[in-house]
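None of the figures in this text is laboratory data; all of them are computed from the coordinates on show. Small disclaimer: the values here were computed from a predicted structure and weren't measured. No Cβ is skipped: glycine too gets one built from the backbone with ideal geometry, and neighbour counts run over all protein chains shown.
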């Protein structure tokens with residue numbers, strides 16, 4: 001299997017993460033991650049609302065990644081910017097680790113993927129599609 005095919009298959013598999021977790025967070029909010037929260041508390045209702053909102057954003061990112069992969073040469077710049085967004089999210093997770101402590105192990109793995117994987121996938125995609133412009137005004 002060539003490098004391009006490996007990239008697309010790996011990206012498709014990784015895209016299952018935002019699709020599945022985004023849908024779960026959107027539909028169930030804090031009830032699965034923190035069922036002990038008292039949703040009569042305004043602070044907890046805000047937390048639930050934000051988790052559902054960001055679950056929708058995460059789900060949307062997964063859908064956009066699928067859209068981008070369907071025409072990799074034409075949409076490489078778009079995929080690069082999605083990875084930049086994922087990397088910025090990883091910075092937020094890392095900041096949370098520094099300020100409030102370590103989360104459960106899967107979230108440490110996600111953070112590593114976001115902080116290390118994002119630059120690697122950008123590098124790999126730039127090698128596959130060297131003509132992809134990095135400007136925000138690039139054609140989709």
Open item on the list: What's the total number of residues in region 20-30 that are crowded, with 18+ Cβ neighbours inside 10 Å and in a helix (DSSP H, G or I)?
Closed with: 4
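May I ask you to say which residue of 74, 52 is more than 30 Å from residue 123 (Cα to Cα) and either exposed (fewer than 15 other Cβ atoms within 10 Å of the Cβ) or out of contact with any strand residue (DSSP E or B) (no Cβ under 7 Å at 6 or more places or on another chain) (or both)?
After ruling out the rest, the residue left standing is 52.
Does residue 69 satisfy being surrounded by 11 or more Cβ atoms within 10 Å (Cβ to Cβ), within 22 Å of residue 20 (Cβ to Cβ) and under 14 Å from the mean Cα position of the chain (by Cα)?
Numbers: surrounded by 11 or more Cβ atoms within 10 Å (Cβ to Cβ): yes; within 22 Å of residue 20 (Cβ to Cβ): yes; under 14 Å from the mean Cα position of the chain (by Cα): no.
The answer is no for residue 69.
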- [ ] State whether the residues of region 41-52 include one that is closer than 23 Å to residue 109 by Cα, in contact with a helix residue (DSSP H, G or I) (Cβ under 8 Å, 6 or more places away or on another chain), touching a residue at least 24 places away in the same chain (Cβ under 8 Å) and in a helix (DSSP H, G or I).
- [x] yes
